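The values are calculated or read from the model by the stated rules, or taken from the named source; none is laboratory data. The structure presented is a predicted model; accordingly, all values stated were derived computationally and were not measured. Ideal geometry is used to build each Cβ from the backbone, glycine not excepted, and the neighbour counts take in all protein chains shown. In case anyone asks, the SASA skips ligands and DNA or RNA and just uses the protein heavy atoms, side chains included. Shrake-Rupley method; radii C 1.70, N 1.55, O 1.52, S 1.80 Å.
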There are 2 protein chains.
Amino acid sequence: MGFAANFPGTDGLLEQLENSSKPEDFQEVSVALRDHYAIAHLVYHWVSADGEQFGCGTYDPVWVQRYVEKGYLRIDPVIQGCYQRFHPVDWKRLDWSSKAARAFQKDAIGHGVGNQGYSIPIRGPNGQFALFSLSHNCNDETWQLFTESNRRELILISHAFNQKALELEPGRKPEPAQPLSPREVEAMTLLAVGYSRAQVAETLSISEHTLRVYIESARFKLGAMNTTHAVARALSRGLIVV
Amino acid sequence: MGFAANFPGTDGLLEQLENSSKPEDFQEVSVALRDHYAIAHLVYHWVSADGEQFGCGTYDPVWVQRYVEKGYLRIDPVIQGCYQRFHPVDWKRLDWSSKAARAFQKDAIGHGVGNQGYSIPIRGPNGQFALFSLSHNCNDETWQLFTESNRRELILISHAFNQKALELEPGRKPEPAQPLSPREVEAMTLLAVGYSRAQVAETLSISEHTLRVYIESARFKLGAMNTTHAVARALSRGLIVV
DNA sequence: TGGACCCTCACCATTTCTGGGGAGTTGGAA
DNA sequence: TTCCAACTCCCCAGAAATGGTGAGGGTCCA
């Protein structure tokens, strides 16, 4: 049972992506997929927990550089909107009401980005955030028909991108996620929900001095500079759940 | 172009899931899917940022209750392992070396959970963590053949579960995720990476007094009791990226 | 043109956290 | 058995964060 019958043309690309091992393969597959769909652009990128970025796609490099330089990451409604969701979204369903957003949109279209767009976001365990986006120039009806009829296929493609991107991710190795002891987890968890040290100590029925030992131990294990940093890292690494 | 040809039997269930609107539908679909695949169990559940849980599946309710009561959430290698990944994983690839994990495994099998398992994790924007799991009793080869040949289909099914679960999620409404101002975002971000207030103020080229206004403002917006709590919430809600 | 929100700066006193020591028990692993 | 990691408790003093209140300027929108 294969996908070829349903996904003529993309099945091979999907397999190529699943078997790829170099970042360059991503670029190759993005271009091939863009051409297959006959759309303006196809882009995949993610940011790691350390703010590192990785991406591939068919955008004009000038636009990519401009995007970074202008700090559009903090303005782009696609980023803002997808950060709150985690499922496919049509760009026109996002909030473009702010002045900065409209200026950004105008600038983007001026650099070749289409007037239509569709993005599939996903989140990784270490605070990573990835986005798989399609863009094209056409009217709303055409775009909606295109995205809806290819929705499932696009989900699988985005999954393949995500899988490979995380496998190849450089940002994971340096921090082997040293585990916290049970008491340390309890302490960090309570701190993360707003308890003061005194409250945490009381909740855990231990002296505040003892609690300090846990916090400092956790801070050391996490390579954190202070309690807030330690809690942030524990959260980002999924060591605690709040 | 439909999926029926490739996914005989599950296509209708997938659509039923995508069109469902009540939590009860989840349960119905889980059972139908379990029967379709002729496996021991099929389970979907997630936890929200506030620790609320939602789930459906074919596990014995006695086992579910025992799982919660025993605090297995903090022992279960499936949870632990999937928290660090975000792609399909076979249970036997997880770390079962600890004594607690082996005791848990024995207890699980004693309550009808299969010796084989396969889980697809996903993370939501507000710290949610969801898990779609299959379990069965069979040998490794049979299980691997089953999961690999149905991998893409299972990804789509898990996506449908996730989509619906987030749509129906009760935990989102009470916190409308009041946005932070740009300065507040910068301040919280720098605090999250370990900067002290003095360092943040210097980095942002503002007085420490001004910085305090941002922190307190952010704390108020986030309903946080202290800075650590505010940073934790900002992280959980995806308002800042570290 | 007023209201709302953002950015900037300042004082006070108090609470909380941090960094440096040391020391005893337990239970599991080598 | 020996060792290590986790858990528990204590001292001190300085650094940092907090809570409350006040004030002026800017932009944007209704």
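Here are some notes:
- Counting the residues of region A:197-238 that are touching a Ser or Thr at 6+ places or on another chain (Cβ under 9 Å) and part of a loop (DSSP other than H, G, I, E, B) gives 2.
- Total residues in region B:113-156, condition touching a Leu at 6+ places or on another chain (Cβ under 6 Å) and open to solvent by 10 Å² or more (accessible area, probe 1.4 Å): 2
- Top-ranked residue in region A:209-231 [being more than 10 Å from every other protein chain (Cβ to nearest Cβ) and open to solvent by 70 Å² or more (accessible area, probe 1.4 Å); ranked as farthest from DNA strand C (Cβ to nearest atom)]: A:Phe220
- 1 or more residues over 22 Å from B:Leu166 (Cβ atoms) and free of Cβ contacts under 8 Å to residues at least 12 places away in the same chain: qualifying helices (runs of 4 or more DSSP H) within region A:48-154: A:61-69, A:99-110, A:140-149
- Note on region B:113-150: residues that are aliphatic (A, V, I, L, M), within 14 Å of chain A (Cβ to nearest Cβ) and closer than 24 Å to B:Leu73 by Cβ amount to 4.
- Pairs are defined by a Cβ separation below 8 Å, a sequence spacing of at least 6 or placement on different chains, a first member in region A:188-206 that is open to solvent by 40 Å² or more (accessible area, probe 1.4 Å), and a second member that is part of a loop (DSSP other than H, G, I, E, B); the pairs so defined are A:Val193/A:Val242; A:Tyr195/B:Met225; A:Ser196/B:Met225; A:Ser196/B:Asn226; A:Thr203/A:Tyr195.
- Qualifying residue in region A:21-33 (condition: open to solvent by less than 60 Å² (accessible area, probe 1.4 Å), hydroxyl-bearing (Ser, Thr, Tyr), over 18 Å from A:Pro121 (Cα atoms) and modelled with pLDDT of 85 or more): no
- Scanning region A:10-46 for residues that are in contact with a Leu (Cβ under 6 Å, 6 or more places away or on another chain) and charged (D, E, K, R) returns a single hit, A:Arg34.
- Filter pass, B:Ile215 being at pLDDT 90 or above and touching a Phe, Trp or Tyr at 6+ places or on another chain (Cβ under 8 Å): no
- All conditions but one from (1) at pLDDT below 90; (2) under 30 Å from B:Glu24 (Cβ atoms); (3) open to solvent by less than 20 Å² (accessible area, probe 1.4 Å) apply to B:His159; the one that does not is (1).
- Test: residue in region B:181-202 that is more than 13 Å from chain A (Cβ to nearest Cβ) and more than 9 Å from DNA strand D (Cβ to nearest atom): yes
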